[in-house]
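The values are calculated or read from the model by the stated rules, or taken from the named source; none is laboratory data. Quick caveat: nothing in here was measured; it's all calculated off a predicted structure. Please note: Cβ atoms are built from the backbone with ideal geometry, for glycine as well, and neighbour counts cover all protein chains shown.
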Amino acid sequence: MDIKPKGLKRTAQKYFAVCESENEPITVSGLALALGLTSSELIELAGEDREAAMALARVEKAYEILLAKSGKGAESFALRLLTRDPVKRTGGTEIVLGEGLEDYGG
């Protein structure tokens, strides 16, 4: 991906600080907008850039904390949306879930 916002780490930290000071939830779309990206662009960038991945991990943590505190399903649904891409990337190797499972009854 050729889109990497300048000052990504600084901008992400500023977004998190504003959310905390205004008691607003930390969200993927909010972080993406603060960085001048779409949510999809941020998720794609996080697969290639450690700073973006760490910022996205902080958003995931916020969702997980809300889920643990609320005991409700809304945060769980939102977290599943974050990871809905059926392609998992590991060290540059693409693994498509569901392929090759014929031998295992899948």
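How do the helices (runs of 4 or more DSSP H) wholly within region 1-100 filter down when requiring 2 or more residues that are touching a helix residue (DSSP H, G or I) at 6+ places or on another chain (Cβ under 6 Å) and at pLDDT 90 or above: which remain?
8-21, 28-35, 39-46, 50-70
Across region 23-49, what is the number of residues that are within 17 Å of I65 (Cβ to Cβ) and out of contact with any Phe, Trp or Tyr (no Cβ under 8 Å at 6 or more places or on another chain)?
Result for region 23-49: 5.
Quick one: in region 40-69, of everything that is surrounded by 14 or more Cβ atoms within 10 Å (Cβ to Cβ) and of a type in the set (D, E, K, R), which residue is farthest from P25 (Cα to Cα)?
By that ranking, first place goes to D49.
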